[in-house]
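Working notes, beginning with the structure itself.
The values are calculated or read from the model by the stated rules, or taken from the named source; none is laboratory data. Computed from a predicted model, the values in this text were never measured in an experiment. Counting neighbours? That spans all protein chains shown, and the Cβs are built from the backbone with ideal geometry, glycine included. For the accessible areas, the whole protein counts, side chains as well, though only heavy atoms, and no ligand, DNA or RNA atoms are used. Shrake-Rupley method; radii C 1.70, N 1.55, O 1.52, S 1.80 Å.
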Amino acid sequence: GRLVHPDEAKVFMLSKGLKPLVDYPGAQTPWKCLHQTCGREVTPTYNGVKWSENGGCKYCADSTFNYAAPAVLYLITNDELGSHKIGIGNADKKRVEQHQKYGWKVFKTLEIETGEIAYQVEQSILQWLQNVLGLFPYLSKSEMPQGGFTETFDASEIRLPEVWREVERVYRNVKASA
């Protein structure tokens, strides 16, 4: 809700164990950093680190998502909440099932070779939604007890087939560059 000064952002990231490798790009833009705990290069967003509980390193996060294992990217919708959501999970699809228990309906899923590729596609779609279409997270944390509120967007602003076309385009590009 307010502008973050680059110096303030850098101090914050350092306090989370992330050493910025480039100048502050903005709160919603991936920021190339070195995670000082594991030594890996990561690209969290400032807001992602601010609102996350995992500290910004996807490799060290206390998570059940395995970036090396096969994954599924899903596009789901919830009429009652007026929201769509994009997300990723490992190929067992338990993450999709978690959302279904809260009234979410599956529009489409895409099985992807690795969690890393699925993550790249998901992040590209989120950037497209935010930077091109101006669609930011639509639901609050309290409306998503199963997690994932930051990947939601207003269902009245875009149709699912349009999002899915972009998913397929991005996936082809990510695979071609791999």
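Listed by first and then second residue, the pairs with beta-carbon distance under 7 Å, at least 6 apart or on different chains, first residue in the range 153-175 and touching a residue at least 60 places away in the same chain (Cβ under 8 Å) and more than 15 Å from Glu122 (Cβ to Cβ), second surrounded by fewer than 16 Cβ atoms within 10 Å (Cβ to Cβ) and small (Gly, Ala, Ser), are Asp154/Gly82; Ala155/Gly82; Ser156/Gly82. Take the conditions (1) under 18 Å from the mean Cα position of the chain (by Cα); (2) open to solvent by less than 40 Å² (accessible area, probe 1.4 Å); Val4 misses just one of them, which is (1).
Here Pro44, Pro30, Pro25 are screened, and the one residue that is without any contact (Cβ under 8 Å) to a residue 12 or more places away in the chain, surrounded by 13 or more Cβ atoms within 10 Å (Cβ to Cβ) and in a loop (DSSP other than H, G, I, E, B) is Pro25.
Residue check: is Glu8 modelled with pLDDT under 90 and among the acidic types (Asp, Glu)? No: the conditions fail for Glu8. When Leu14 is tested against (1) part of a loop (DSSP other than H, G, I, E, B); (2) on the phi < 0 side of the Ramachandran plot; (3) exposed (fewer than 14 other Cβ atoms within 10 Å of the Cβ); (4) of a type outside the set (Phe, Trp, Tyr), exactly one condition is not met: (1). Residues that are on the phi > 0 side of the Ramachandran plot and without any contact (Cβ under 8 Å) to a residue 60 or more places away in the chain within the range 109-152 comprise Gly134, Gly147, listed in sequence order. A search for C-beta distances below 6 Å between a residue of the range 86-108 that is farther than 22 Å from Val170 by Cα and any residue that is open to solvent by 90 Å² or more (accessible area, probe 1.4 Å) and charged (D, E, K, R), counting only pairs 6+ apart in sequence or on different chains, returns Gly103/Glu80.
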